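Derivation of every value follows stated rules applied to the coordinates shown; laboratory data play no part. Bear in mind the structure is a predicted one, so any value in this text is a computation, not a measurement. A quick note on method: Cβ atoms are made from the backbone with ideal geometry, for glycine too, and the neighbour counts reach across all protein chains shown.
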Amino acid sequence: MKKIFSATPLLVDRPTHYCPGCTHGVIHRLVAETIDELGIRERTVGIAPVGCSVLAYEYFNVDMFEASHGRAPAVATGAKRARPELIVFSYQGDGDLASIGMGEIIHAANRGEKITVIFVNNAIYGMTGGQMAPTTMPGQYSTTTPGGRNVKEVGYPVRMAELIASLRTPAFVARAAVHSPKEILRAKEYIRRAFSYQVAGTCFSLVELLSICPTNWGLSARESEKWLEREMMPYYPLGIKKEPETAEAEVKRG
Amino acid sequence: MSKILMKGNEAVGEAAIRAGCLHFFGYPITPQSEVPEYLARRLPEVGGVFVQAESEVAASNMIYGAAGVGVRVLTTSSSPGISLMAEALSYIAACELPVVLVNMMRAGPGLGGILPAQGDYLQATKGTAHGDFHLIVLAPSSVQEAVNLVMRAFELAENYRNPVMVIGDGMIGQMMEPVEFPEPAVGKPLDPGDWALTGCKDRPRRIVNSLYLDPEACNRHNFKLTAKWQRITEAEQRSESVYLDEPCDILLTSFGMTYRICKTAADELRAEGIKVGLFRPITLAPFPYQACRAAADRAGRILDVEMNMGQMLEDVKLAVQGTKSIDFLGTAGGVVPSPEDVAKKIREVLGSAPAKNASPKPAPQKKRKDKERA
């Protein structure tokens, strides 16, 4: 029989701690496949965040850091500037990147650090048990918004991909989702492009991935996929937000 | 080698380069901004890396990243900035990474002021951030010693894989003194050993991490760090004792620039026949308790002088173990005690009348009546 699918050697062969239905596993797989396909494993350094994916260093079969909450882009900056030959990526959730780490991500992007950021947006704090994230949808229930997110009190969800794309510094910024096979393929393509730009030494790259959290959303995995499509996708439009080629042209136009 | 006249902050930057440190991540803050300014100019000349971070929080995590991939790295700041770096220092110590940082202390608490102070002694030596860890802390009392200790700091950081702080104050950072740069003991690129993240070519992958969810593993890690600190404590205490060949009437204990002021006061009083001895720790951590005790044993009593409200005083008391009376002279807020202030206080505690021609200038700590008795 012909083998058409197997484990990627870039993921350590062990069970993960993620909840049933969580899409972190899918994203781990996409990142791992990309590193494998680009043949960069032996010079890749990954940076795990604080949040659900805090243990990502257990799974990626490359050299890994564990960073403090939100600071992965600063750690990545130090690593990449010290050894530019390394391929450096951070893997961060929405609490880590969009709340406590807002300063680090914006400035790493604005300096044009040649790093790749994998940003997982599931609209909630997962590891701490379902509190409001900067990305929590208007009206969405969380343990710290028991009446639903009230935008009059706490503002609207932050669209990180668009925010970073608004910076003048050339970058590759895109948003995909991982709730369906079709979107997973698109996510893979964006992740591949993001790493490729770093390999070429072109620019900063960030891929935001809309992800599901059945445990803290209080929905089944199937319902979660539908909720993501119905509630999140209209607010967080998928697609490429910025490419270095067009960004360069914009800078030249002034 | 000839001496050149250099500002303390610039000498610190040059010393790092001479020690083979080609990576600097930092953020401007008075009174140490000349360090990043100097290195922004100098590092590109020697093929190094200079990054102005968006904050001290980011700068301290950048040095975590750079040290983690196995390069020699420096950051510098001043008191409020060091507070912002504290979290990363806990991670760096936990991950056993070699970094050197310099704190040119300014007045506190809060935003305080930009003038010299020594109010970060306890932060540096006892409670930098969360968890059980120690920085090695070196306190220079001249620009030349700042150069020597910055170079030495890289050796210590790499020998023990531990963060090392060189702690000065606004005076040392801002003043100019003649310096010469010794041949560095380090200078070769840092050996990434079996720990640095250099890409897992031809070897198992490595992880730089301080998360231990298993309590037994976390317990073991703490014992490992503590055993390392024990080795540092046994091997690395440095101090200076002066005028203790014969018993003295009073021993002045101080550190950093305050020692220079005490030395001037001691020389003046010794010319009058008052036997004044001096002791200063060069390593604030590990604190040289035995050497301090030995110095105290030569003295009738002790006067501790600091530009804070009595921080090293706690270590002097621990060293002396109640065997001697200890008085304290302290200033804060950027007020620097003069040698006359110190001499006046010595006369006061020795019960001798002030000399007729003593300076009429009132000591800023004149109203302090709370004599410290060990």
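The helix-only estimate of mean residue ellipticity at 222 nm for chain B, built from DSSP H runs of length n ≥ 4 each weighted as -39500 (n - 2.57), is -12000 deg cm²/dmol after division by the residue total. Remark: region B:4-235 carries a charge dipole of roughly 480 debye about the Cα centre, counting +1 on each Lys and Arg Cβ and -1 on each Asp and Glu Cβ.
Which value, in nm² and rounded to one decimal, describes the direction-averaged projected area of the C-alpha convex hull of the protein assembly as shown? Can you show the working numbers first?
Numbers: hull surface 135.8 nm².
Here the figure is 33.9 nm², rounded to one decimal.
Here the gap between B:LEU5 and B:GLU314, fully extended at 0.36 nm per residue and compared with their Cα-Cα distance, gives a gain of 107.6 nm. Dipole magnitude for chain A: about 380 debye, using +1 per Lys or Arg Cβ and -1 per Asp or Glu Cβ, origin at the Cα centre.
To the nearest whole number, what is the average tally of beta carbon atoms from other chains within 10 Å of the beta carbons of peptide B:200-208?
Working: counts 9, 4, 1, 2, 2, 12, 6, 10, 10.
Rounded to a whole number, the mean comes out at 6.
Kirkwood hydrodynamic radius for region B:277-326: how many Å is it when counted over pairs of different Cα atoms? Mind dumping the intermediate values first?
Values: mean 1/r = 0.0912 Å⁻¹.
Here the Kirkwood hydrodynamic radius works out to 11.0 Å.
In the protein assembly as shown, the DSSP beta bridges split such that about 20 percent are antiparallel, to the nearest 5.
Per q in 0.07, 0.15 Å⁻¹, report the Debye log10 I(q)/I(0) for chain B, using one uniform scatterer on each alpha carbon and no solvent. Result of the Debye calculation: -0.32, -1.29. Taking every DSSP beta bridge that has both ends in region A:24-253, the antiparallel portion is near 15%.
Projected label points at A:ARG230 and B:ALA235, each 7 Å from Cα along the beta carbon direction, are separated by 6.6 nanometres. For region B:203-210, backbone phi angles converted through the Karplus equation (6.51, -1.76, 1.60; θ = phi - 60°) give residue-by-residue couplings of 7, x, 5, 10, 10, 9, 8, 10 Hz, Gly and Pro being listed as x. Think of it as helices only: each DSSP H run of n ≥ 4 in chain A is worth -39500 (n - 2.57), and spread over all residues that comes to -10000 deg cm²/dmol at 222 nm.
Sort B:ASP202, B:ASP169 so that the residue with the fewest other Cβ atoms within 10 Å of its own Cβ comes first and the one with the most comes last. Present the calculation step by step, with values, prior to reporting the outcome.
Working: B:ASP202 6, B:ASP169 30.
Ordered from fewest to most neighbouring Cβ atoms within 10 Å, B:ASP202, B:ASP169 come out as B:ASP202, B:ASP169.
Using a Förster distance of 35 Å, how high is the FRET efficiency between A:PHE5 and B:LEU213, based on the Cβ-Cβ distance and rounded to 0.05?
On the way: r = 32 Å, r/R0 = 0.91.
The value I calculate is 0.65.
Among A:SER99, A:SER90, A:SER211, the largest mean-square fluctuation in a Gaussian network model of chain A, built with springs joining Cα atoms closer than 10 Å, belongs to A:SER99. When A:ARG193, A:ARG159 are arranged by Cβ crowding within 10 Å, least crowded first, meaning fewest neighbours, the order is A:ARG193, A:ARG159.
Shielding by partners for B:132-143, please: the mean number of other protein chain Cβ atoms within 10 Å of each residue's Cβ.
For peptide B:132-143, the averaged partner shielding equals 0.
Can you give the charge dipole size of the protein assembly as shown about its Cα centre, rounded to the nearest 20 debye, using +1 on the beta carbon of Lys and Arg and -1 on the beta carbon of Asp and Glu? It would help to have the intermediate numbers written out before the result.
Working: 70 positive and 69 negative charges, 95 e Å.
Value, rounded to 20: 460 debye.
GNM remark for chain B: springs join alpha carbons under 10 Å apart, and the peak mean-square fluctuation among B:GLU236, B:GLU14, B:GLU348 falls on B:GLU348. Connecting C-alpha atoms closer than 10 Å in a GNM of chain B, tell me which of B:GLY334, B:GLY193, B:GLY173 has the biggest fluctuation. It is B:GLY193.
Give me A:VAL26, A:VAL178, A:VAL31 ranked fewest to most by other Cβ atoms within 10 Å of their Cβ, as a rough exposure proxy.
Numbers: A:VAL26 18, A:VAL178 25, A:VAL31 31.
Least crowded to most crowded, the residues run A:VAL26, A:VAL178, A:VAL31.
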